[in-house]
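Working notes, structure below.
The numbers here are math on the coordinates, done by the rules we state, and not lab data. None of these values were measured; they are calculated from a predicted model. Backbone-built Cβ (ideal geometry, glycine too); neighbour counts: all protein chains shown.
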Amino acid sequence: MRGDFEFLLRHGYAILFALVLIDQLGIPVPATPFLIAAGAYAANGNLELVRIASVSVAAALVAHVFWYELARRRRGDILGLLCRVSLEPDYCARHARDFFIRWGAGTLVIASFMPGFIGVAAQPIAATVGMPRRTFLVLNTVSALLWVTLCTGFGFVFSARVEQILRVGAQLGGSGVELVAGLFALYLVWKLIRRKLLYRQLRIARISPGELKRRLDAAEPTFILDLRHALEFSEQPGMIPGALRMSPDDLDQRLWEIPTNQEIVLYCTCPNEFASARAALRLKRRGIANVRPLEGGLSAWRALGYSLTGGSA
């Protein structure tokens, strides 16, 4: 496999540790192709499978424990931070929480296999729901071992095929690394364009927290929807006075509860009010025209020191 992934052979386990660490921290640099290449090198006797597994699992655990401990120590809105840098803004904290609620602790077992935001977000979510550190470490060790074993095992068993693929990449005008990098660059460009188009679609007139406070103080007819799920609510209890909590998944079934003769204000905890904006679009398509997301969401309301209540659900 000379000329292809050659730097992996030269720098060996250190570069593999760095690649897995970056991947599992959520930075969009996929480590899976390099794990497969490492398995193929092991088949040729250039690397050792045990050492590949050791450094890769260690790197994955370092990344996962980093996010877990940040969330455990309440160092800011970790899920909000991840959502802001995610290439899939529609898969923000809400979707990660939904996935965790559906699969529970099993989410951590498959987290290493999940590209993008959800696999990374499972780590701080585990901390916020109170998962013990020992359980967290065991589940993540199992997850990392499965991921590394499958990737390197694939490369080991199909080493000849992997070499052929890399050779084809070289014949196309570059090394296997360059081929992977080029495909990934196209993927990033597509994601960024998709994100920009989606944000353009979601340019709906927001209402500021100050304006909403004025409307409530003046008793102007305003219907407020809290779009958080139960897990989000348990993390940050309290609602804007008079709000009704309703999951975005329930909007169609509970549409009859939303008045059509009042201004509707929606809020969530996802950065850029993304969930609120998407819900606003859905309501507009169903004939409810006067809908506005709350600028900055619940975080902006809290930051201004405005009052909160237990609300209704």
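For 292, 72, 134, 286, the sequence from fewest to most other C-beta atoms within 10 Å is 134, 286, 72, 292.
Computed FRET efficiency, Cβ-Cβ of residue 161 and residue 306, R0 45 Å: what is it to the nearest 0.05? Efficiency at R0 = 45 Å is approximately 0.15. Packing around the peptides 231-239, 21-29, taken as the average count of other Cβ atoms within 10 Å per residue, puts them in this order, highest first: 21-29, 231-239. Extension gain, residue 230 to residue 141, is 29.2 nm, computed as 0.36 nm per intervening residue step minus the present C-alpha separation. Working from label points 7 Å from Cα in the Cα-to-Cβ sense, the residue 255 to residue 101 distance is 2.2 nm. Site pair residue 110 and residue 51 shows an inter-label distance of 3.5 nm when each label is modelled 7 Å from Cα along Cα→Cβ.
So if I take the centroid of the Cα atoms in region 235-287 and the same for region 134-152, what is the distance between those two points in Å? Using only Cα atoms, the two centres lie 38 Å from each other.
A Förster radius of 45 Å, combined with the Cβ-Cβ distance separating residue 190 from residue 217, puts the computed FRET efficiency at roughly 0.45. Each Cα pair under 8 Å and six or more residues apart adds its sequence gap; the mean of these over the residue count of region 209-303 is a relative contact order of 30 percent. Once label points are set 7 Å from the Cα along Cα→Cβ at both residue 18 and residue 284, what is their separation, rounded to one decimal in nm? So the two model labels end up 4.7 nm from each other.
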